[in-house]
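Read through the structure below, which is laid out as structure tokens, and then see the notes.
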Amino acid sequence: MTSPIIGQSRQIVEIRDLIKNVADTCLNILITGETGVGKGVVASSLHEASPRKSRPLVTVNCAALPETLLESELYGYSKGAFTGAMKTRRGKFQMADKGVLFLDEIGDMPISLQSKILHVLQTGLFSPLGSDQEIRSDVWLIAATNQDLEAKIEKREFRADLFYRLNIIKIEIPPLRERRDDIPLLVDHYISQYLSQYPAREIELPDSKVLDKLMQFPWPGNIRQLQNIIKKQLVVNDWNAVIEELAHDAASHESHSGASKDNTNVVGADRRNSSGASFDDKSPSTERDGTGAGRERRQGRRKSDESVRKTREGSKRSDAEERRDWKERRDAEELSDCTLPQKATKGKVYHGRRAGDVKPRRRKGDIPGDSILNEFLVDGDSLDSLNREFSLGNIKKKVISRVESEVIQYVLDKTAWNRSKASKILKVSYKTLLTKITELNLEPPD
Ligand SMILES: Nc1ncnc2c1ncn2[C@@H]1O[C@H](COP(=O)(O)OP(=O)(O)OP(=O)(O)O)[C@@H](O)[C@H]1O
């Protein structure tokens, strides 16, 4: 059962109308918006409102899997396609046939897979890994991202042609702080929902002062964060404690992200709302007066904070959140690999070179035209010009692919594309050769 899209703001009303209007067209749709704004909910509503609702809605989180796994997830594979492929497996394109394929976090899709998606969109055909057979797939493609794809196109991290194919209809979901009218409805909705899940619980409803504060909060985690706050309230049943923790979270978010882009509604730099009231206005229950009474109140609160913290630790984070964090950590590690020489202090030795040694700067033109580095440089040859894919691991992969591609192409051409003969010459199994041909996009001459 699809979650309803709760909200009464102008933006949500327009989105609901747009969903009704486009659901029977099955035109490709791109949903954009910050994390937690409801891109998944909009995708489900599109499916539900479409003539395809009796067919599956298949979701793939493109940020969750490494490139090769993502590829086999999307297209499937035939038995023996690679080590461990014990049986043939259908991919998501096949599972979503006549239904909807929702590609979440499309901005994280590796560029090599983007061209394959484009091919399926253009021809409606794809081949599972390790198979010669082409399969027709009729999917309604809905993609979502919280990234600026146009900026990624400029950095050559996203294919412009795929962007224009996906972006036929764009649904932009604004962050919660830009549609504050929805907050009271969402609060009511989630209180009722959680109370019906935990009927033994009691929960104090927010009075107007609390609601006011909730409406002033910037909600960087959007509706997902709001849900968590209501869950917290269900446990501690103390709005003052919950609001105090929110203010604290806002301040730390602010100090991590620098000045917020949304000056009018920021809690932190100047925690003033548009009516001039402060988010952490010192209401009697939240003041930090330093007196014994204040301390007692805080200690009492600390207990409930602890129970909130325990609940939070105990509650399982969603797989997608875990995977996103893992990916961010991985990216950060890769980035720190490539910035290591910059960080080096004088006198420290890295890989036999003194960090203080200055190598003469070169312009991009100085790098040989066929250097693998050119594939990772956006403009010029400074470290700043390296795109996000730059890492030793990715370079290695690219070099291997290049060499494999050249050698296999050579042997195939020499054997007039007799794959069986070529596999013997290359001393790989027939199936491995077929997989390589697909992976490397090798094609026989016309
Ligand atoms: N308008 C809405 N009404 C009710 N619930 C909503 C609404 N928007 C989002 N939610 C709820 O908020 C949570 C987050 O929504 P969703 O996963 O769709 O966000 P998202 O934008 O896809 O997030 P991410 O980019 O992190 O994947 C879900 O539990 C969803 O049910």
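The values are calculated or read from the model by the stated rules, or taken from the named source; none is laboratory data. All values reported here derive from a predicted model rather than from experimental measurement. Cβ sites come from the backbone with ideal geometry, for glycine too, and all protein chains shown count toward neighbours.
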*Looking at Ile29, Ile19, Ile15, which is the one that is farther than 30 Å from Lys436 by Cβ, in contact with a Phe, Trp or Tyr (Cβ under 9 Å, 6 or more places away or on another chain) and crowded, with 17+ Cβ neighbours inside 10 Å?*
Ile29
*Qualifying position, being more than 16 Å from the ligand (Cβ to nearest atom) and touching a Phe, Trp or Tyr at 6+ places or on another chain (Cβ under 6 Å), among Val210, Val236*: Val210
*If we scan the stretch 93-102, do we find a residue that is among the β-branched types (Val, Ile, Thr) and either over 20 Å from Phe163 (Cα atoms) or at pLDDT below 95 (or both)?*
no
_Which pairs turn up if I take residues in the stretch 189-200 that are assigned by TED's automatic domain parsing to the domain that holds Lys231 and look for partners that are more than 16 Å from the ligand (Cβ to nearest atom) with beta carbon separation below 7 Å, at least 6 apart in sequence or on another chain?_
Ile191/Ile203; Ile191/Leu205; Leu195/Arg201; Leu195/Ile203
*asked:* Filter the stretch 88-112 down to the residues that are assigned to a helix (DSSP H, G or I) and over 25 Å from Val42 (Cα atoms) and list them by number.
replied: Ile111, Ser112
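Let's see how each residue does on (1) under 24 Å from Gln11 (Cα atoms); (2) in contact with a helix residue (DSSP H, G or I) (Cβ under 6 Å, 6 or more places away or on another chain):
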{"residue": "Trp140", "(1), (2)": "no, no"}
{"residue": "Leu149", "(1), (2)": "yes, yes"}
{"residue": "Glu154", "(1), (2)": "no, no"}
{"residue": "Leu162", "(1), (2)": "no, yes"}
{"residue": "Ile183", "(1), (2)": "yes, yes"}
{"residue": "Tyr190", "(1), (2)": "yes, yes"}
*Hey, could you check the stretch 129-146 for residues that are closer than 20 Å to Lys79 by Cβ and of a type in the set (Asp, Glu) and say which is farthest from the ligand (Cβ to nearest atom)?*
Asp132
*Matching residues, the stretch 13-48, being more than 15 Å from the ligand (Cβ to nearest atom) and over 17 Å from Val139 (Cβ atoms)*: Lys20, Asn21
*Just name the residue that is farthest from the ligand (Cβ to nearest atom) out of those in the stretch 3-12 that are surrounded by fewer than 15 Cβ atoms within 10 Å (Cβ to Cβ) and more than 17 Å from Glu172 (Cβ to Cβ).*
Gln8
*Collect the residues in the stretch 220-233 that are within 15 Å of the ligand (Cβ to nearest atom), closer than 23 Å to Ala200 by Cβ and among the charged types (D, E, K, R), keeping them in residue-number order.*
Lys231
*State all residues of the stretch 103-128 that are at positive phi and surrounded by fewer than 16 Cβ atoms within 10 Å (Cβ to Cβ); if no residue qualifies, say none.*
Gly124
_I need a count of the residues in the stretch 59-78 that are over 24 Å from Tyr430 (Cβ atoms), among the aliphatic types (A, V, I, L, M) and surrounded by fewer than 20 Cβ atoms within 10 Å (Cβ to Cβ)._
2
*Go through the residues of the stretch 430-440 one by one and say whether even a single one is surrounded by fewer than 16 Cβ atoms within 10 Å (Cβ to Cβ) and in a helix (DSSP H, G or I).*
yes
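Yes/no per residue for (1) assigned by TED's automatic domain parsing to the domain that holds Asp161; (2) free of Cβ contacts under 8 Å to residues at least 24 places away in the same chain; (3) within 23 Å of Leu440 (Cβ to Cβ):
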{"position": "Ile29", "(1), (2), (3)": "yes, no, no"}
{"position": "Ala63", "(1), (2), (3)": "yes, no, no"}
{"position": "Leu70", "(1), (2), (3)": "yes, no, yes"}
{"position": "Leu74", "(1), (2), (3)": "yes, no, yes"}
{"position": "Gly84", "(1), (2), (3)": "yes, yes, yes"}
{"position": "Met95", "(1), (2), (3)": "yes, no, no"}
{"position": "Lys98", "(1), (2), (3)": "yes, no, no"}
{"position": "Asp108", "(1), (2), (3)": "yes, no, yes"}
{"position": "Ser115", "(1), (2), (3)": "yes, no, yes"}
_Being more than 14 Å from the ligand (Cβ to nearest atom), part of a loop (DSSP other than H, G, I, E, B) and buried (at least 16 other Cβ atoms within 10 Å of the Cβ) is the filter here; which residues of the stretch 147-184 pass it?_
Arg156, Glu157, Phe158, Arg159
